[in-house]
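Note sheet for the following structure.
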Amino acid sequence: MSIDVAIRQSLRDDARRFELDIAFETAARRVVVFGPSGAGKSLTLRAMAGLGRPDAGHVRVDGHVLYDAAAHIDVPARDRGVAYVFQDYALFPHLTVAQNIGFALRGGWLNPRRRERDPRVVQMLALFELAGVADSHPSRISGGQRQRVALARALVAEPRLLLLDEPFAALDPALRGRMRMELLALQQRLDLQLLVITHDAADVEALQGHTVEIRDGRVVR
Amino acid sequence: MASLWVPLALTLKVALWATAINLVLGVAVAFALSRWRSHAREVVDSILTLPLVLPPTVLGYYLLVVLGRRGVLGGWLDRLGIELVFTWQGAVIASTLVAFPLVQKAARAAFEAVDPQLEGAARVLGLREAAVFFRVSLPLAARGITAGALLAFARAMGEFGATLMIAGNLPGRTQTLSVAIYAAVQAGDDHAATVMVLVVSATCVAALLLAGWLAPDHTRRSRP
């Protein structure tokens with residue numbers, strides 16, 4: 001059980017040039033990548049999920065090679081078994097809460113039907129206390145509920161790694177503390193392999209994980 | 001009123017075909033353009049917008065040059081037994097061409113308004129590219145596409161210049177309402193012209209009203 005990441009990527013546009021050169025390896029079940037905005041955290045996360053392609057390096061999770069530039073391996077995002085909770089959750093606005101959660105369970109060209117209830121969706125609705133809003137659209141539920149939907153949607157396919165991008169930044173401060181505790185409890189209960197990126201030192205403290213601090217595209221600690 | 005129903009049925013048939021073809025063609029081109037990262041993109045977009053600004057007679061002339069019996073494609077089509085000049089199918093081609101930019105532009109704007117993060121989320125959740133298109137991009141763009149399609153339908157209903165050039169004015173075969181109106185006025189039959197003008201106007205207003213009513217705003221719809 002481990003995460004082994006080494007990626008190099010250079011980005012340039014008219015205004016600036018950014019060099020990402022990150023490497024870390026850990027067997028911890030909770031990993032926190034900490035650093036100011038613009039340090040390259042999201043770029044790292046996208047590379048791990050398969051949404052961005054680094055120039056060089058590798059990404060290995062539990063011994064599975066997801067990306068290896070030298071060996072020309074680049075597993076597509078859909079086959080990585082990695083789940084991603086986006087900063088603003090990226091819930092599908094045209095689908096209900098239950099359809100969002102069941103999204104990954106249905107292959108093919110059609111979305112889950114409104115009234116369809118896969119047992120795993122029912123289980124997630126119960127686990128995250130979302131049964132009451134199962135038929136609501138994401139625009140009609142609270143911020144805390146939206147985050148739980150995003151977590152449920154990510155976990156339903158039983159990923160080998162759960163990535164979270166600034167999971168508490170979109171919440172108001174009162175809710176933030178509670179959701180940190182919820183995430184910690186969930187991780188312990190399901191023994192999830194978790195990687196969180198954050199700019200908030202309070203997240204680092206609350207999650208008590210292996211911490212990788214990055215700044216200007218480099219690991220500093 | 002046989003003189004009304006025949007051109008009306010033909011007009012509806014031509015406009016519906018043109019709209020259906022544009023829904024496939026316009027949406028496909030719009031999606032490709034919205035994802036294409038190249039400087040050539042705006043050049044292609046400008047060329048595809050030409051039918052909106054060129055006089056329909058010019059478009060009709062181009063169609064004759066390309067599809068006519070001695071045209072670039074015409075000879076080849078002729079050998080396959082496909083005749084487009086002076087047929088209702090020719091009128092469909094004319095209407096499709098004239099209305100194409102309306103669907104393409106609306107669809108492209110709608111696809112570009114879809115949050116790329118939602119498509120990324122769908123990929124991470126295990127979807128192939130085609131599934132991402134049908135389950136995320138297309139439903140989120142449906143409102144804009146529907147509005148564009150109804151505009152295209154209204155435009156195809158009223159198509160005159162290009163249709164006259166390629167399909168002509170054969171009553172019962174290629175005489176659509178707008179061509180029949182012109183013929184009626186030329187013949188001094190003001191009553192028939194008035195009736196047909198009102199029918200075309202009412203259909204176009206209905207199509208525009210439908211554009212607003214048919215397209216649900218997915219981001220706001222919810223159940224209490």
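The values are calculated or read from the model by the stated rules, or taken from the named source; none is laboratory data. Since the structure is predicted, the reported quantities are computational estimates derived from the model, not experimental observations. Positions of Cβ are generated from backbone atoms using ideal geometry, with glycine treated the same way; all protein chains shown enter the neighbour counts. With ligands, DNA and RNA removed, areas are computed over all heavy atoms of the protein, side chains included. Shrake-Rupley method; radii C 1.70, N 1.55, O 1.52, S 1.80 Å.
Couple of notes before you dig in:
- Over region B:2-214, Cα pairs under 8 Å with separation of 6+ residues give a relative contact order of 31 percent.
- Percentage relative contact order, chain A, counting C-alpha pairs under 8 Å, at least six apart: 30 percent
- Net charge of neighbours whose Cβ lies under 10 Å from the Cβ of A:Ser10, counting Lys and Arg as +1 and Asp and Glu as -1: 0
- Cα→Cβ-extended label distance, 7 Å offset, between B:Val53 and B:Ala130, nm: 3.8 nm
- Translational D in µm²/s for region B:2-214 (Stokes-Einstein at 4 °C, 1.567 mPa s, Kirkwood Rh from C-alpha pairs): 70 µm²/s
- Here each label is just a point 7 Å from Cα along the line to Cβ, and for A:Asp62 and A:Ala185 those points are 2.5 nm apart.
- Placing a pseudo-label 7 Å from each Cα along the Cα-to-Cβ vector at B:Trp76 and A:Ile73 gives an inter-label distance of 4.7 nm.
- Charge sum, other residues only, whose C-beta stays under 11 Å from A:Pro36's C-beta, Lys/Arg counted +1 and Asp/Glu -1: -1
- Apportionment of accessible area to carbon and sulfur, region A:83-219, percent (1.4 Å): 48 percent
- Interchain or long-range residues, amide H under 5 Å from A:Glu213's placed H: A:Phe34, A:Val220, A:Arg221
- The phi torsions of region B:20-34, fed into the Karplus equation with coefficients 6.51, -1.76 and 1.60 and a -60° offset, translate into couplings of 4, 4, 5, 5, 7, 5, x, 5, 5, 5, 4, 5, 4, 5, 5 Hz, rounded to whole numbers, with Gly and Pro shown as x.
- DSSP beta bridges in the protein assembly as shown [antiparallel fraction, %, rounded to 5]: 55 percent
- Unit Cα scatterers, Debye sum, region A:138-221: log10 I(q)/I(0) for q = 0.12, 0.13, 0.23 Å⁻¹: -0.38, -0.44, -1.26
- Binning all Cα-Cα separations of chain A at 10 Å, short to long from zero, yields these whole-percent fractions: 8, 33, 35, 20, 4, 0.
- Shielded residues, region A:68-84 - accessible-area loss of 50 Å² or more between chain alone and all protein chains, probe 1.4 Å: A:Arg78
- A 1.4 Å probe run over region A:124-221, with the rest of the protein chains in place, finds 43 Å² accessible per residue.
- Between helix B:177-186 and chain B there is an angle of about 30 degrees, using the helix long axis and the longest principal axis of the Cα atoms.
- Alpha-carbon Debye profile of the protein assembly as shown, log10 I(q)/I(0) at 0.10, 0.12 Å⁻¹: -0.82, -0.99
- Total accessible surface hidden between A and B, rounded to 100 Å², 1.4 Å probe: 2500 Å²
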